[in-house]
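J.: The structure under discussion is supplied below as structure tokens; questions concerning it will follow.
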Amino acid sequence: MAATKAQQKAFLDMIIPIAQRQAKKHNNQIFASVCIAQACWESGWGTSAKMVKANAVFGVKVGKSAWKFGTAWKGAAYKTGTTEYYDGVNPSRIVDWFREYSSVEDATEDYFDMLCRCQRYKPALNRSNPADCIRAIVAGGYATGPKYAEKIIGIIKSHNLAWYDTNTYTPTVQTGTTAPAGYQIGKTYTLQSDMYVRKSPAGDHIDFEELTADGQKNGFADKDGYAILKKGTKVTCREAQGKWIRIPSGWVCAYSDKKIYIK
């Protein structure tokens, strides 16, 4: 099922500032727009449950040597099916290991580390435009899908992503009348107390098993099996509604009239 416009917007609000930070950190050798578009395509605009749970929005495989190009990937992995086009035409269904991350920020940093440090992607660095950049990335072996580069270029053009290669974008949450100013989509915050995670703002609690892999490492189940994230857990804001913000595992309350729970 194709992502809705609302899902696309929410994903862009989350990934754009992250991509821009990492592009700048890596001296803009790879265009932020290419990074954004690949994240959109690889994760189905953030709708791929397995990828989102593992913060693996770029679909980077572990690789035979499990090489670490930087420090963002800590070695965690998950196994899933995928389709490859080894001859560029015919699909082959395989099962492989993919890199799992603690956050989308780490996934994005590892993406840039890989492209900027791996010899086979050297021709993609410092290109004059995003189209040449993604074509060189594909030529380096990033993807085997038919017309992969054209699909990424299409996303860049249809969503005017090249604008973000030269213009800073830091979207601020639409706060309404009561939500405090300052929560930013894509920014990481810290829980100030143990927090239940819910399926929707003020909605039902989620079960512990529904937490992301990172959430399970930083959480526990109450006596009924409901998920609780521990005080001190780092969370990334993906959306906000009133007093509630959406993080990778679900929704958590940001503050009450007397206390701030996330800052």
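J.: Do the sum for the chain: with -39,500 (n - 2.57) for every DSSP H run of n ≥ 4, divided by all residues, what is the mean residue ellipticity at 222 nm, to the nearest 500 deg cm²/dmol?
T.: Working: 7 runs with 78 residues, N = 263.
Estimated from H runs of four or more residues: -9000 deg cm²/dmol.
J.: Check residue 240: other-chain or 5+ apart residues with amide H under 5 Å from its amide H, H built from backbone geometry?
T.: For residue 240, the qualifying residues are 246.
J.: Residue by residue through region 199-207, which ³J(HN,Hα) values in whole Hz follow from phi under the Karplus form 6.51 cos²θ - 1.76 cosθ + 1.60 (θ = phi - 60°), with glycine and proline marked x?
T.: Ordered by residue, 3J(HN,Hα) equals 6, 7, x, 6, x, 5, 5, 8, 6 Hz.
J.: Compute the long axis of helix 148-158 from its Cα atoms, compare it with the longest principal axis of the Cα atoms of the chain, and write down the angle in degrees, 0 to 90, nearest 10.
T.: Helix 148-158 and the main axis of the chain meet at about 60 degrees.
J.: Name the most mobile residue of 222, 132, 207, meaning the one with the largest mean-square fluctuation, in a Gaussian network model of the chain with Cα contacts below 10 Å.
T.: 222
J.: Calculate how large, on average over all directions, the projected area of the Cα convex hull of the chain is; give the answer in nm² to one decimal. Let's see the in-between values first.
T.: Details: hull surface 58.6 nm².
The Cα convex hull of the chain, projected and averaged over all directions, gives 14.7 nm².
J.: If you don't mind, there's one more thing I want to ask. Counting only the backbone N, which residues of region 130-164 are under 20 Å from the spot 7 Å out from the Cα of residue 92 toward its beta-carbon?
T.: Taking a point 7 Å out along Cα→Cβ of residue 92, the residues of region 130-164 whose backbone N falls under 20 Å are 138-149.
J.: Which percent of the accessible area of the chain is formed by carbon and sulfur heavy atoms (probe 1.4 angstrom)? Mind showing how you got there, number by number?
T.: Working: 6820 of 13280 Å².
In the chain, the share of accessible area belonging to carbon and sulfur is 51 percent.
J.: Hey, another quick one. Using modelled amide H (1.01 Å from N, peptide plane; none on Pro or chain starts), what sits under 5 Å from the amide H of residue 77, excluding residues fewer than 5 places away?
T.: Amide H to amide H, under 5 Å and 5 or more residues apart or across chains, residue 77 pairs with 100.
J.: I would also like to ask the following. From the phi angles alone, apply the Karplus equation (6.51, -1.76, 1.60; θ = phi - 60°) to region 33-45 and give each ³J(HN,Hα) in whole Hz, x where the residue is Gly or Pro.
T.: 4, 5, 4, 4, 5, 5, 4, 4, 5, 5, 9, x, 6
J.: In what sequence, highest mean first, do 125-131, 40-46 appear when ranked by Cβ atoms within 10 angstrom? Working shown, then result.
T.: Values: 125-131: 15.7, 40-46: 20.9.
So the order, starting with the most tightly packed, is 40-46, 125-131.
J.: Just the ratio, please: alpha-carbon radius of gyration of region 1-157 over 2.2 N^0.38 Å, N its number of residues.
T.: 0.97
J.: Given a 1.4 angstrom probe, what's the average accessible area per residue across the chain, in square angstrom?
T.: The answer is 50 Å² per residue.
J.: To the nearest 10 degrees, how steeply does helix 130-139 sit against the main Cα axis of the chain, on a 0 to 90 scale?
T.: 70 degrees
The values are calculated or read from the model by the stated rules, or taken from the named source; none is laboratory data. Every value quoted in this text rests on a predicted model; they were computed, and no experiment measured them. Ideal geometry is used to build each Cβ from the backbone, glycine not excepted, and the neighbour counts take in all protein chains shown. Just so you know, the surface numbers come from the protein's heavy atoms only, side chains and all, with ligands and any DNA or RNA stripped out. Shrake-Rupley method; radii C 1.70, N 1.55, O 1.52, S 1.80 Å.
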